[in-house]
Amino acid sequence: MRILHVVTAFPRTPDDVIVPWLVELLKRLRAAGHEVEVFTSSYRGAPDEVFAGIPVHRFRYFPRRWENLTHEEAAPDRMKRSLLYRLMPACFVVAGIVAIWRLCRRTRYDVIHVHWPLPLALFGWAAQRARPARLVTTFYGVELRWVKGALPFFKGFLAWAARRSDRVIAISQYTAGELRALADVPIEVIPYTTSLPEPAARPPEARDGTGPVLFVGRLVERKGVAHLIEAIARLGGGEAAPRLEIVGDGPERPGLEALARRLDVAQRVVFRGKIPPDELQATYARAAVCVLPSVLDTRGDTEGLGVVLLEAMNHGTPVIASRIGGIPDIVEDGVSGLLVPPGDADALAAAVRRVRDDPALARRLGEAGRRRLREQFSWQAIVQRWLNLYAGLVPRAR
């Protein structure tokens, strides 16, 4: 079967960190016998190429010098920078429609798989106009929250994109619920995952609860790190007081550092910034608990899934997270982790205390989390779901 994946951006070099989970999925689909190709935008004139064995078709939409609407950051954030970037999406859409129409006139695809349908659903429409193919559309949630908040005039567009698709996919039950509010269509939930190394052994301080409390992620509002720092302050001082390690960077860091000083916990809150992959895995393994305190930010955005929880579960590290977004798809409260109300520092503090003070509970949560990871979020399980979906669309590839 020949499948064309339509995406906003795709890695430009082997060390590019864009959509690593999608690259891995496409590699595995190729290994299963499918012909997989990618249609995406150029970046400063980048031409077509073969990336990790995957043919990548890049379309040009602006003069090379300014052709950077995508790849470096999300296009909506880029558009805030200048009038030029606010005008650029029109060129992006028109150029993409023309380029994918030409590509699909030359090449027959069995399936067109559109990721991030705002605005890429138009590319799926153009591809089908050029030559009939089955259409799959994946919703990641952020486009629904953009529309709900700042772009309500696009609600009809996303509903149209869902209704004209042969299969509609959401990455979580939360995203599926948001989409059902716009379009009454059948929706299948297929999460994404991440490639995980062999887990490291957990040292004694992790097992007895004296290891650090860990946060991993970008320091932006929707991660809710301020509430975690407040929770650490509520847990008091002394030798037994927990230490918080924050791995990652972002625009919220100066404010979070100031908050730690203001709450008099700066000596127990360590900002480590970005760290190498091997060091990150060791950090997961020695943590007493990994916390993802996500909230709904002022733009209406929140956690689409919470892959860092899977990374912690891989090491048998117990997890605590907010009951919001796609997180409950990963964490079964009281079974594979603990869930707390978003933005509730008192509940976070109580959950951290509970895990640190009860090594048997921490061990049970960690072991159950590892089992859930293997059963529900392994590459084998997720790739098989995609293979079944494609086979149901095109029983016999043309």
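The values are calculated or read from the model by the stated rules, or taken from the named source; none is laboratory data. The structure presented is a predicted model; accordingly, all values stated were derived computationally and were not measured. Quick reminder, even Gly has a Cβ in these numbers, built from the backbone with ideal geometry, and neighbours come from all protein chains shown.
The C-beta contact set for the range 139-165 (first residue assigned by TED's automatic domain parsing to the domain that holds GLU178 and touching a residue at least 60 places away in the same chain (Cβ under 8 Å), second residue among the basic types (Lys, Arg) and assigned to a loop (DSSP other than H, G, I, E, B), distance under 6 angstrom, 6+ apart or interchain) comprises GLY149/ARG299. Filtered by the rule that a residue be without any contact (Cβ under 8 Å) to a residue 60 or more places away in the chain and either among the charged types (D, E, K, R) or not in a helix (DSSP H, G or I) (or both), the range 92-118 gives ARG102, ARG105, ARG106. Taking the numbered list (1) surrounded by fewer than 20 Cβ atoms within 10 Å (Cβ to Cβ); (2) touching a residue at least 60 places away in the same chain (Cβ under 8 Å) in turn, LEU235 passes all entries but (1). Inside the range 306-329, residues that are of a type in the set (Ser, Thr, Tyr) and in a helix (DSSP H, G or I) make up a count of 0.
Quick one: which residue in ALA285, ALA240, ALA226 is hydrophobic (A, V, I, L, M, F, W, C), part of a helix (DSSP H, G or I) and out of contact with any Lys or Arg (no Cβ under 6 Å at 6 or more places or on another chain)?
After ruling out the rest, the residue left standing is ALA226.
Going by the structure shown, is THR175 among the polar types (S, T, N, Q) and in a helix (DSSP H, G or I)? Judged against the criteria, THR175 is a match.
Yes or no: the range 102-114 includes at least one residue that is aromatic (Phe, Trp, Tyr), under 19 Å from LEU26 (Cα atoms) and touching an Asp or Glu at 6+ places or on another chain (Cβ under 9 Å). Checked against the condition, which is being aromatic (Phe, Trp, Tyr), under 19 Å from LEU26 (Cα atoms) and touching an Asp or Glu at 6+ places or on another chain (Cβ under 9 Å), the range 102-114 yields at least one hit.
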